[in-house]
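Visitor: Before anything else, here's the structure in question.
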Amino acid sequence: MRHNIKNLMTRSELKIEINDLLLARNESEHRTITTRIDSIGEEMIALVNLSRSLYPTGEVTREQLLSIQRRQGAIKRKLADMKMQKAQISLELEACQQKKIELSEKQKFLVRKKDKYTHLHTTERHKKRLKDVRIEESETEERISWLR
């Protein structure tokens, strides 16, 4: 019985280690996604600033005005694409956070399970020690009775 419990404890410890690795991998992925979102945000700010700097000052010719409008149109399209990318990456981030919650719950479950096996193992060892003591006392009493 104790051997089976020991095996269950070992298996639980292995599952906890695997879950720890998955949590670490998830945390790394979370940081990567957050970095991507931050970099897209910075690029968007830079594009907005560039778009604002393109506004004409003073008199401009028709060709210059059309050129400025083309550049601003291209920047607006780029901003729209970046917003879409940011939204998709935000969905990835939400999925990553949900996975982290699931892994954390699984970790709690595995730790409770391991603690249960550890307690059971300790209880079984205690019972065996008591049994061994009783057997030894019984044998001692039997020897004493033989000697009389």
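Visitor: Taking Met82 as meeting all but one of (1) in a helix (DSSP H, G or I); (2) out of contact with any helix residue (DSSP H, G or I) (no Cβ under 6 Å at 6 or more places or on another chain), write down the number of the exception.
Guide: Status for Met82: all satisfied but (2).
Visitor: Pick from segment 66-86 the residues that are hydrophobic (A, V, I, L, M, F, W, C) and exposed (fewer than 12 other Cβ atoms within 10 Å of the Cβ): which of them is nearest to Glu29 (Cα to Cα)?
Guide: Met84
Visitor: Within segment 87-110, work out how many residues are farther than 28 Å from Glu17 by Cα and touching a Lys or Arg at 6+ places or on another chain (Cβ under 9 Å).
Guide: The number of residues fulfilling the criteria is 1.
Visitor: If you scan segment 20-65, which residues turn out to be part of a helix (DSSP H, G or I), polar (S, T, N, Q) and at pLDDT below 95? Steps first, please.
Guide: Here is the first cut: in segment 20-65, the residues part of a helix (DSSP H, G or I) are 20-53, 62-65.
With the extra rule that they be polar (S, T, N, Q), the set shrinks to 26, 28, 32, 34-35, 39, 49, 51, 53, 64.
Residues satisfying the conditions are Asn49, Ser51, Ser53, Gln64.
Visitor: Could you count how many residues in segment 61-93 are under 29 Å from the mean Cα position of the chain (by Cα) and of a type in the set (Gly, Ala, Ser)?
Guide: Number of matching residues: 2.
The values are calculated or read from the model by the stated rules, or taken from the named source; none is laboratory data. Worth saying up front: this structure is predicted, and the values here are computed from it rather than measured. Every residue, glycine as well, gets a Cβ built from its backbone with ideal geometry; the counts of neighbours run over all protein chains shown.
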